[in-house]
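Enquirer: One structure coming up, written as structure tokens, with questions to follow.
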Amino acid sequence: MALMDAIELLKHDHRMVEQLFRDYQAAASDQQRRGVVELVVRELSKHAALEELMVYPLAKKVLPDGAQEIDEHLAEHMGVKKTLATLDGLSAGDQRTDELLAELQTEIEQHVAEEEGEMLPRLRDAVDQQALDELGEALDTAKRTAPTRPHPHAPNEPPGLAMAGPVAAIYDRFRDRLQGRPTT
């Protein structure tokens, strides 16, 4: 069994990203801030890809008005991915970083509030605990091979995402190694 069910795992990811935003504010140098930005890009890219591939299709299927709700979440993800892609292309000390990260933090706070306040409680009510445990285990395993960079032009729903995601992940991890980026 998974240590956390799917909903607990998603909430844990949300808390981790919130901490990264605090870490950015506390960073003492441009290099430290850039390191935090790279972690934010990595963690949010993995989280979004896994939600799109594994959580949203389930929610779309089991929640009343799930298709409309998930379409709204996918639109929010697209905005986040575009911001992440811009952040990913900046270098340490770039003047735009503070503004873009503040914008991203606002987008993420709103998205998390909607997910945790509405969608995730409804998903917990609609799906049995065993399914949530199994999904949590699958999400935990999939994190190790998920894309680590934003891909705003890639498909964001199965089946296209299921085909593009692994290729993007391999490419991302290769780039991460070449650039000496942190691995998590």
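Enquirer: Would you mind listing the helices (runs of 4 or more DSSP H) fully within the range 116-184 where at least 1 residues are surrounded by fewer than 15 Cβ atoms within 10 Å (Cβ to Cβ) and at pLDDT 95 or above?
Expert: Ranges flagged: 120-126, 129-142.
Enquirer: While we're looking at this one, here's another question. It is to be established whether one or more residues within the range 25-34 are part of a helix (DSSP H, G or I) and touching a Phe, Trp or Tyr at 6+ places or on another chain (Cβ under 9 Å).
Expert: Yes, the range 25-34 contains at least one residue that is part of a helix (DSSP H, G or I) and touching a Phe, Trp or Tyr at 6+ places or on another chain (Cβ under 9 Å).
Enquirer: Does Gln32 fit the bill of being modelled with pLDDT of 95 or more, within 24 Å of Gly79 (Cα to Cα) and among the polar types (S, T, N, Q)?
Expert: no
Enquirer: I've got another one for you. Right, Ala92: more than 14 Å from Pro152 (Cα to Cα), of a type in the set (A, V, I, L, M), surrounded by fewer than 18 Cβ atoms within 10 Å (Cβ to Cβ) and modelled with pLDDT under 95 or not?
Expert: Yes: the conditions hold for Ala92.
Enquirer: Report, ordered by the first and then the second residue, all pairs with beta carbons closer than 6 Å, sequence separation of six or more or different chains, a first member in the range 21-47 that is basic (Lys, Arg), and a second member that is assigned to a loop (DSSP other than H, G, I, E, B) and modelled with pLDDT of 95 or more.
Expert: Once the first residue is basic (Lys, Arg) and sits in the range 21-47, its partners that are assigned to a loop (DSSP other than H, G, I, E, B) and modelled with pLDDT of 95 or more give Arg33/Ala27.
Enquirer: Output the qualifying pairs, or none if there are none: Cβ atoms under 6 angstrom, residues six or more apart or on different chains, first residue in the range 62-80 and at pLDDT below 95, second residue not in a helix (DSSP H, G or I).
Expert: So the pair list comes out as Leu74/Asn156.
Enquirer: Can we say Asp98 is at pLDDT 95 or above and under 17 Å from Asp5 (Cα atoms)?
Expert: The answer is no for Asp98.
Enquirer: Of these, Leu87, Leu53, Leu39, Leu10, which one is in a helix (DSSP H, G or I), under 20 Å from Thr148 (Cβ atoms) and more than 13 Å from the chain's Cα centre (by Cα)?
Expert: Exactly one residue qualifies, and that residue is Leu87.
Enquirer: Continuing with the same structure: Hey, can you tell me all the residues within the range 119-133 that are closer than 21 Å to Ala48 by Cβ and either in contact with a Phe, Trp or Tyr (Cβ under 9 Å, 6 or more places away or on another chain) or touching a residue at least 40 places away in the same chain (Cβ under 8 Å) (or both)?
Expert: Correct list: Met119, Leu120, Arg122, Leu123, Arg124, Val127, Leu132.
Enquirer: Of everything in the range 90-114, what is part of a helix (DSSP H, G or I), touching a helix residue (DSSP H, G or I) at 6+ places or on another chain (Cβ under 7 Å) and touching a residue at least 40 places away in the same chain (Cβ under 8 Å)? Give them in sequence order.
Expert: Thr97, Leu101, Leu104, Gln105, Ile108, Val112 - these are the residues of the range 90-114 that are part of a helix (DSSP H, G or I), touching a helix residue (DSSP H, G or I) at 6+ places or on another chain (Cβ under 7 Å) and touching a residue at least 40 places away in the same chain (Cβ under 8 Å).
The values are calculated or read from the model by the stated rules, or taken from the named source; none is laboratory data. Predicted model, so just to flag it, every value in this text is computed and none were measured. A quick note on method: Cβ atoms are made from the backbone with ideal geometry, for glycine too, and the neighbour counts reach across all protein chains shown.
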